[in-house]
1. Please go through segment 19-36 and pick out each residue that is in contact with a Leu (Cβ under 9 Å, 6 or more places away or on another chain) and either among the charged types (D, E, K, R) or in contact (Cβ under 8 Å) with a residue 40 or more places away in the chain (or both).
2. Starting from residues that are surrounded by fewer than 18 Cβ atoms within 10 Å (Cβ to Cβ) and farther than 14 Å from ALA18 by Cα, keep the ones in segment 59-81 and report whichever is nearest to the chain's Cα centre (by Cα).
3. Inside segment 8-20, can you point out the residues that are surrounded by fewer than 17 Cβ atoms within 10 Å (Cβ to Cβ), among the hydrophobic types (A, V, I, L, M, F, W, C) and in a helix (DSSP H, G or I)?
4. Condition first: within 13 Å of ARG16 (Cα to Cα) and either small (Gly, Ala, Ser) or in a loop (DSSP other than H, G, I, E, B) (or both). Now tell me which residues in segment 47-58 satisfy that.
5. Of the residues ARG16, ARG28, ARG64, only one is of a type in the set (Lys, Arg) and modelled with pLDDT under 95; which?
Amino acid sequence: MATVELRFSALPEHVRTARLVAAAVARRAGVDEAVLDEVRLAVGEACSRAVGLHESHDINSPVRVLLIEDEKKFSIEVGDGVNGDSGAHGTDQAEGAAESDAEGEDEMGLAVISGLVDDVEVTTGKDGGMIRMTWPTTAGAVLP
């Protein structure tokens with residue numbers, strides 16, 4: 001099992017880099033060429049979601065992306081630093097409205113990802129949240 005790990009500061013300008021790296025590693029892992037645009041878009045959505053969560057929760061830790069090549073599948077895990085207990089952390093009305101907007105954007109991003117990827121798993125825990133996306137690969141397709 002080969003793994004590539006990418007960590008980047010939670011800034012929107014780094015999402016493009018994550019998309020490009022994910023597409024390159026997916027191609028090398030043997031993901032069908034016809035699916036690579038979906039890989040790029042899904043990674044972009046997942047990373048943008050993680051960046052938004054970091055910004056809205058004032059988290060300074062980096063966004064983590066794992067690109068995992070298994071025997072017959074290729075997986076991408078995008079992790080954020082927002083633990084499952086970080087619900088509403090204030091009662092200010094303006095803050096509540098901003099959190100409601102962020103939740104709406106979060107749900108929309110997850111809907112887009114679910115539309116692009118057949119095998120998606122979203123988890124949250126004390127160490128943060130994670131989106132795991134998986135695509136099939138063709139056997140033995142290692143390109144130069």
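The values are calculated or read from the model by the stated rules, or taken from the named source; none is laboratory data. Owing to the predicted nature of the structure, the values given are computational and were not obtained by experimental measurement. Because the Cβ atoms are built from the backbone with ideal geometry, glycine has one as well, and the counts that use them run over all protein chains shown.
1. Across segment 19-36, the qualifying residues are ARG19, VAL21, ALA22, VAL25, ALA26, ARG27, ARG28, ALA29, GLY30.
2. Here the answer is SER61.
3. LEU20
4. If the condition is that a residue be within 13 Å of ARG16 (Cα to Cα) and either small (Gly, Ala, Ser) or in a loop (DSSP other than H, G, I, E, B) (or both), then SER48 is the only one that fits.
5. Working: ARG16 fails: modelled with pLDDT under 95; ARG64 fails: modelled with pLDDT under 95.
Going through ARG16, ARG28, ARG64 in turn, the sole match is ARG28.
Here is a yes/no grid of residues against (1) of a type in the set (Lys, Arg); (2) under 18 Å from ILE113 (Cα atoms); (3) outside any helix (DSSP H, G or I):
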{"position": "LEU6", "(1), (2), (3)": "no, no, yes"}
{"position": "ALA22", "(1), (2), (3)": "no, yes, no"}
{"position": "VAL25", "(1), (2), (3)": "no, no, no"}
{"position": "ARG28", "(1), (2), (3)": "yes, no, no"}
{"position": "VAL31", "(1), (2), (3)": "no, yes, yes"}
{"position": "GLU38", "(1), (2), (3)": "no, yes, no"}
{"position": "GLU45", "(1), (2), (3)": "no, yes, no"}
